[in-house]
Amino acid sequence: MEQIEKIKKKDKLLAMIIRDNYVCDGVDFITPNEYSQQVAYMHHPAGKVIDAHVHNMVHRNVVLTQEVLFIKRGSLRVDFYDEYEDYLESRDLHEGDIILLVSGGHGFQALEEVEMVEVKQGPYAGEQDKKRFAGVDENQIVYR
């Protein structure tokens, strides 16, 4: 299994899965600069000092919500859809995995009791934030 999986439809990136076994030294910005949600993996030795800092006020224009899910415990199936709500494929996420949902649609099914943390741009706008649609039938699930 790849340490970083990219789920695509043609050349359009739908999601990036960072598996629990991913490692690198230093800082690796996994996402490109143009994404509204930035994900970096950091690995520093004991004693490494990260300078104290505050973040400056920077206005950003966010037009598409991107989500990051951190799987703390359990497992979760993610079903991927394109922007036309057409089902493409599915992946399973397990404890320690992280997923960045970049574009298109997605649905989930808990394969076992799952605890996860979600990070996305806020504030949450309730039903204005998303369009719900009928998901894939269980007997049509495809893994690639």
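Considering each of Ile30, Ile17 in turn, give the residue that is out of contact with any helix residue (DSSP H, G or I) (no Cβ under 6 Å at 6 or more places or on another chain), surrounded by 10 or more Cβ atoms within 10 Å (Cβ to Cβ), at pLDDT 95 or above and on the phi < 0 side of the Ramachandran plot.
Every option except Ile17 fails the conditions.
Which of (1) touching a residue at least 12 places away in the same chain (Cβ under 8 Å); (2) among the β-branched types (Val, Ile, Thr); (3) in a loop (DSSP other than H, G, I, E, B) does Val27 not meet, given it meets every other one?
Tallying (1) touching a residue at least 12 places away in the same chain (Cβ under 8 Å); (2) among the β-branched types (Val, Ile, Thr); (3) in a loop (DSSP other than H, G, I, E, B), Val27 fails exactly one: (3).
Looking only at segment 98-144, count every residue that is farther than 29 Å from Gln3 by Cβ, of a type outside the set (Asp, Glu) and in a loop (DSSP other than H, G, I, E, B) and tell me the total.
So the count comes out to 9.
Hey, among the residues in segment 93-129 that are charged (D, E, K, R) and without any contact (Cβ under 8 Å) to a residue 60 or more places away in the chain, which one's surrounded by the most Cβ atoms within 10 Å (Cβ to Cβ)?
At the first step, the residues of segment 93-129 found to be charged (D, E, K, R) are 95, 97, 112-113, 115, 118, 120, 127, 129.
Filter once more, keeping what is without any contact (Cβ under 8 Å) to a residue 60 or more places away in the chain: 112-113, 115, 118, 127.
On the way: Glu112: 9, Glu113: 8, Glu115: 12, Glu118: 10, Glu127: 7.
In this case the residue turns out to be Glu115.
Output yes when any residue across segment 42-59 is under 16 Å from Gln3 (Cβ atoms) and assigned to a strand (DSSP E or B), and no when none is.
Restricting attention to segment 42-59, the residues satisfying the condition of being under 16 Å from Gln3 (Cβ atoms) are 42-43.
Imposing the further condition that a residue be assigned to a strand (DSSP E or B) reduces the set to 42-43.
Yes; the residues of segment 42-59 include at least one that is under 16 Å from Gln3 (Cβ atoms) and assigned to a strand (DSSP E or B).
Quick check on segment 63-97: of everything there that is of a type in the set (A, V, I, L, M) and not in a strand (DSSP E or B), which residue is nearest to Tyr143 (Cα to Cα)? Let's see the steps before the verdict.
Looking only at segment 63-97, we keep the residues that are of a type in the set (A, V, I, L, M), and these are 63-64, 68-69, 71, 76, 78, 88, 93.
Imposing the further condition that a residue be not in a strand (DSSP E or B) reduces the set to 63-64.
On the way: Val63: 30, Leu64: 27 Å.
Applying the filter and picking the extreme gives Leu64.
Among the residues of segment 41-65 satisfying the criterion of being surrounded by 10 or more Cβ atoms within 10 Å (Cβ to Cβ) and over 27 Å from Ser90 (Cβ atoms), which is farthest from the chain's Cα centre (by Cα)?
His44
The values are calculated or read from the model by the stated rules, or taken from the named source; none is laboratory data. Keep in mind the model is a prediction, meaning the values are calculated, not measured. Don't worry about glycine lacking a Cβ; one is built from the backbone with ideal geometry, like all the others, and counts go over all protein chains shown.
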